[in-house]
Structures are given as structure tokens and as C-alpha cells.
1. In percent, how large is the relative contact order of the stretch 132-241, given Cα pairs closer than 8 Å and 6 or more residues apart?
2. What number comes out for the charge environment of Asp358, summing +1 per Lys or Arg and -1 per Asp or Glu over other residues with Cβ under 15 Å away?
3. Non-local amide H neighbours of Glu267 (under 5 Å, H modeled in plane, Pro and chain starts lacking H): which ones?
4. Note down the magnitude of the dipole of the stretch 187-237 about its Cα centre, charges +1 on Lys and Arg C-beta and -1 on Asp and Glu C-beta and zero elsewhere, to the nearest 20 debye.
5. Could you tell me what fraction of 2.2 N^0.38 Å the Cα radius of gyration of the stretch 327-372 comes to, as a two-decimal ratio?
6. Specify which residue in the list Phe172, Cys197, Ser233 is farthest towards the positive end of the charge dipole of the stretch 132-241, using unit charges on the beta carbon of Lys, Arg (+1) and Asp, Glu (-1), about the Cα centre.
7. How long are the semi-axes of the equivalent ellipsoid of the stretch 132-241, taking √(5λ) for every eigenvalue λ of the Cα gyration tensor, in whole Å from largest down?
8. So, with +1 on the Cβ of K and R and -1 on the Cβ of D and E, and no other charges, what is the size of the charge dipole of the chain about its Cα centre, to the nearest 20 debye?
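Coordinate-derived values only; no laboratory data. Here the structure is a predicted model, which means the values were calculated and not measured. Every residue, glycine as well, gets a Cβ built from its backbone with ideal geometry; the counts of neighbours run over all protein chains shown.
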Amino acid sequence: MKLFTKKLMPLALALSMGAGLASSQTLAITGIYPIEAYFNDIKITFNGDPTNISAEPFISNGTTYIAARDVANLFGYDIFWNSSTQTVEISGTGDTSNEIAYQQKIAVLESQTKILQEKLAQYEEIANAFDASKVFPTLEDTLEDTFYKEYDIIWYFDLTEKTTYIQADIYFDASKYDDEYDDMSTYDIKSFLEDVCDEIHEELDGTDISGKTIRGQIIDSDDDETLVSYSFSNGVLNYEVQTSTKTLSSLAKEIYEEILDDVYDLELPPFYEDVDSAYAIYLFIDDIIISESKGFYTFEVEVLIRGSLIDAWNNIDEIRSYRRINNFMADIADYIADEYNIDPDDDVAGYIISSYDDDEILAKFEEGSLTFKTIY
């Protein structure tokens with residue numbers, strides 16, 4: 001450590017303003033005063049890199065001084081000591097090579113940061129990806145608990161993730177709950193399906209399949225028969241109800257016993273072969289079959305007809321035979337319509353067919369009116 005004397009002060013001032021810019025005579029002016037300067041082998045770095053300078057930096061009164069020329073050279077500026085005005089003149093645009101290099105480094109770092117951010121997002125997506133094999137079994141249990149004994153039926157749920165939708169099939173055992181299911185109205189089925197779909201969407205909220213379209217069926221697990229097909233998208237339910245084969249079979253059995261047997265003694269109302277015939281002809285009833293599609297019901301009355309009876313039917317006196325057979329078919333249509341609260345003319349059609357060949361249609365009952373057909 002050194003203590004500068006008054007004699008050495010011009011040199012100290014020269015270092016602070018720029019070493020070598022002026023001679024000792026030039027500095028010999030009014031205002032020169034002594035200072036204490038501390039040298040401690042001070043190092044200078046520029047953007048982390050060591051820098052060689054011409055004059056050693058020093059500390060005076062808590063301030064570190066570096067030669068103006070060294071600072072100007074460091075930044076690529078021109079420097080000049082103007083003795084006439086006692087001014088240090090610095091000019092130029094500076095050395096931009098370092099700035100360009102740093103900008104290039106920044107661009108590289110920004111590019112690398114972007115790549116890393118994209119990879120991080122990919123890793124997060126993988127980490128947070130929806131795994132149906134883990135989520136759906138739990139959700140199925142939740143649905144079974146939530147809808148346990150809904151409409152007095154035990155329901156089971158099977159969820160499957162598809163590419164564009166969620167498959168949600170609902171099962172129940174009709175051998176145990178057939179009557180309970182038959183007691184459900186169309187409104188009950190609609191309300192039940194909407195509640196199930198809302199529950200699924202609520203449980204999947206926040207996942208990458210949240211809000212997906214839901215499709216499925218209500219299935220009788222006993223007969224593996226689809227009773228309802230539905231889809232749920234954007235809060236709107238579309239569905240198609242089908243009456244179970246078991247239910248239709250039960251209804252057919254009722255009609256067979258209460259109408260065909262009790263009222264008509266298992267005989268088709270008599271018909272007459274031609275206008276001159278005085279003898280009524282009877283056909284024995286073998287069975288009745290009922291089917292349903294999209295809310296439209298069809299019944300088929302099977303009769304035993306062959307040989308000469310076919311010839312007699314083909315020569316039927318429609319005027320004398322029409323009313324009784326038409327009323328017979330209307331009785332069946334009305335029974336079905338009352339069962340499902342539908343219109344017998346608009347929602348029910350019936351056919352009299354041969355037990356030996358169901359392609360042989362003897363008569364059609366459509367829109368409440370009978371039409372006789374010729375068979376071969």
C-alpha cells in the first residue's frame with residue numbers, strides 16, 4: 001500500500017482521466033490537491049473475461065478508479081485529451097462485436113430454453129396422460145354405488161375409451177328385474193341416462209377426455225339383448241328404446257290366452273269362399289308373435305292353412321268376411337296400444353300369416369284397416 005505525496009498527485013489524476021493523455025506541464029494547473037490512493041492488485045473482467053489494462057486501478061475515498069483510456073478501449077471508443085478545454089473527449093460507435101456475440105449467445109440460449117420447455121411440456125403431458133385402465137374401474141364402481149337400486153334395479157357399468165368418444169354400456173339382469181324395468185317409463189329411461197352421463201363427465205372433469213361424447217346401450221345381461229341405444233353430446237341425449245324380447249313374449253302370451261283363446265277359441269273368425277257359398281270356413285290359430293322397432297309394434301297371427309283351404313282363401317268373399325276379421329285384428333292392436341299407451345292406428349300393424357310359410361301373408365292390418373291378400 002502506498003501513500004501518494006503532492007508531488008505524485010498529477011500522475012494519479014492522469015490515471016483517473018486517462019494515462020498518457022497530457023504531459024506533466026499540462027497538469028501543472030490550479031486545483032491540484034493530494035489524495036490517498038490504495039493499490040491492491042485489483043483485477044478487471046469484462047463480461048466474465050479477464051481484461052488487460054494499461055494503468056493499475058486504485059481505490060480512493062471508497063471509489064475505484066480506472067483509467068479513462070482503458071475504459072474507452074474496453075468498449076471500442078476513441079479517446080482524446082483536449083488540453084485547451086481541459087476535456088476528455090470520447091467518440092465513436094463502440095465495438096459491437098462483443099454485443100453481436102452476446103446477442104447470438106442469447107438467441108442460442110433462448111432456442112435451447114424453448115426446446116427444453118417443449119420437452120418439459122411433453123413429459124408433463126405423459127405424466128398427466130389419462131390412463132383408462134386405472135381410472136375407469138374406479139369410475140365404474142362409483143357409478144354402481146351412485147345408481148345402486150335406482151328404479152329398484154341393480155345396474156352394472158362397463159366403460160371403454162374410444163378414439164372420439166367414451167363407450168358406456170349399462171347392464172342389468174332381466175331374469176331378476178324384468179318387472180322393475182318394464183315399470184320404467186320412457187321419461188324414466190331418459191332421466192336415468194342423462195344422470196349417468198352427467199356423473200361420468202363430472203368425474204372426468206380436468207382430464208384430457210373431459211366432455212367427450214358418450215355412447216352406449218342398456219343391455220339385458222340375461223339374454224344379452226340391447227334394450228336402449230343412446231348417445232350424449234354437448235348436454236343433449238339421443239336415444240332409442242327397444243322393448244325386450246322377453247317382455248314382448250309375455251305380452252304375446254297374454255293376448256293368446258285372453259283374446260285368441262278366451263274370446264275366439266283359437267279360431268280365426270269365419271270367412272266365406274265366394275258370394276254363393278253358404279258355409280263359413282274357419283282357420284285354426286297356431287300362435288301370435290309380437291315385435292317392436294323404434295316404438296312401432298308389429299304382431300303376426302299364425303294360422304294353419306294348406307291345400308284346399310288356400311284355394312278357398314284366394315276366392316274369399318271380402319264383403320261378408322271383412323267386418324269380423326277386421327274386428328279381430330283391431331282387438332289385438334287395441335290390446336297392444338293400451339299396454340304401451342300408443343295409438344293403435346299409427347303405432348301398430350298386424351298380419352295374418354301361414355304357420356307353414358311366414359312369407360305367405362293372408363291379410364294386412366295397417367292404419368286400422370284390413371286388406372286381404374292372395375297366397376300361393
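1. Values: 159 pairs, mean separation 25.6, N = 110.
Once divided by the residue count of the stretch 132-241, the mean separation gives 23 percent.
2. Residues close to Asp358 contribute a combined charge of -4.
3. Counting only residues 5 or more places away or on other chains, the set is Ile285.
4. 360 debye
5. On the way: Rg = 11.1 Å, N = 46, 2.2 N^0.38 = 9.4 Å.
This ratio for the stretch 327-372 stands at 1.18.
6. Going by the Cα projections, it comes out as Ser233.
7. The answer is 23, 15, 13 Å, longest axis first.
8. Values: 24 positive and 76 negative charges, 1333 e Å.
So the magnitude is around 6400 debye.
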